[in-house]
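First the structure, in the form of structure tokens, and then the observations on it.
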Amino acid sequence: MKARKCIEELMPYGYVPGDEDIARRYGLLVSKVKRFDRNTSPGILPCVKEELRGIAQEGIGNEYPDSRYEELTRLIAEYSDVEPGQVVLGNGADEAIDLLTRAYLSEGGVAVASTPTFSFYKVVSEMNGGRMVEVPRESEGFSLDVEELLGVAGENDADLMFVCNPNNPTGDFTPLATIEEIAKRFGGLLAIDEAYIEFSEGGSAAGLCEKYGNVVIIRTLSKAFGLAGMRIGYLLCPKKVAEQLNKIRQPYNINPVSERLAIAALSNTQEMRENVDALVGERNRIASSLGEMGFGVFPSSTNFLLVKVADAQGAFDRLIRKGLVVRKMEGVLEGILRITVRGKEDNDLLLAELAREKGAGTKNVRKGASGEGIMGAQMPAGEEGSA
């Protein structure tokens, strides 16, 4: 037997080594491995810890959850300022993206995205029998080339368009007026990935869902809420789109423990905001410190930073041997490290090690800088984005 052709030809989603693998490889204690490469939160919200203690005492898991997840759906709707009928739950935002693509990307159809961006859009498009057409972002400031994007979408009669906002890995935010302009002019379904929206000063595009009928918002509790391991993602949709997606959503796609922890987190959003404020403060402190050392630091509206390093491979190798795992970018982003913002203690460890790179001939890269030529390549597979 043979798998479907699109599966046989698929370049799979890549996976990075786990903590145990890295610790074993470099002779470290697992506790010494610090993940600056996954864009996850470094801590657990107090309300989530308390809920875990309650679950441990009472036990859970022997019964199926409510397949409609009514309380969780209501809390997400309230948090997002939409109606419950506009919410579709996913086992992580990755499943939500898969649902969207399965439902709205025709066999042999085209999805478009401005790159560099989250690599899973391409993987999921191809594994569902379509193809991804990439449109390079503009060379200054990483902004979308709106006319080129719409032009390519029109030429290919695209079914889907993905816009990550704020974008992973570039960290920039596309103004809502630009998103609305695309929604007005694009004939297919526009998917706006807001995995990092809580770290941005820009607003959400959720209000465009019902206004235009072709806008879907991708969200997650993995980043700001610190629940990456619990796999809670969701879509905010026009009601007619949500109805179609819920037809193909697995009835028990979120386990009861994850459901309980998500409800606890969404019932205590002030704790999430305090976590975000702390991480944004650390992001700004790290950026300032690295800039003073002579590294090129890109502006960011997320919980990570892009940093230009003269010897990125050498810096990556030296850091990982000490258990400090950063993401080394590839392709046209060669020479750049992506660094997740963690807690102050971990961040200080990383800054101390990067200080050793000072004077290594790095070149400052700021928003609007020219001549670097780093636009236009898809991120390597394995890039955590929505998750």
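The values are calculated or read from the model by the stated rules, or taken from the named source; none is laboratory data. None of the values given here were measured: they were computed from a predicted structure. Positions of Cβ are generated from backbone atoms using ideal geometry, with glycine treated the same way; all protein chains shown enter the neighbour counts.
Tabulated values for the structure
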{"read-out": "Identity of the residue in the range 111-161, aromatic (Phe, Trp, Tyr) and in a loop (DSSP other than H, G, I, E, B), that ends up modelled with the lowest pLDDT", "value": "142"}
{"read-out": "Selection status of residue 269, within 30 Å of residue 66 (Cα to Cα), touching a residue at least 40 places away in the same chain (Cβ under 8 Å) and hydroxyl-bearing (Ser, Thr, Tyr)", "value": "yes"}
{"read-out": "Condition check for residue 210: surrounded by fewer than 24 Cβ atoms within 10 Å (Cβ to Cβ), modelled with pLDDT under 95 and assigned to a helix (DSSP H, G or I)", "value": "yes"}
{"read-out": "Checking residue 104 against (1) touching a strand residue (DSSP E or B) at 6+ places or on another chain (Cβ under 9 Å); (2) of a type in the set (Ser, Thr, Tyr); (3) buried (at least 20 other Cβ atoms within 10 Å of the Cβ); (4) closer than 30 Å to residue 273 by Cβ, the condition it does not meet", "value": "(4)"}
{"read-out": "Enumeration of residues in the range 226-241 that are surrounded by 22 or more Cβ atoms within 10 Å (Cβ to Cβ) and assigned to a helix (DSSP H, G or I)", "value": "241"}
{"read-out": "Helices (runs of 4 or more DSSP H) completely within the range 14-92 that count 3 or more residues being at pLDDT below 95 and not assigned by TED's automatic domain parsing to the domain that holds residue 350", "value": "46-58"}
{"read-out": "Every residue from the range 299-311 that is within 22 Å of residue 203 (Cβ to Cβ), in a loop (DSSP other than H, G, I, E, B) and not β-branched (Val, Ile, Thr)", "value": "299, 300, 301, 303"}
{"read-out": "Matching residues, the range 184-215, being without any contact (Cβ under 8 Å) to a residue 60 or more places away in the chain, within 30 Å of residue 305 (Cβ to Cβ) and of a type in the set (Gly, Ala, Ser)", "value": "203, 205"}
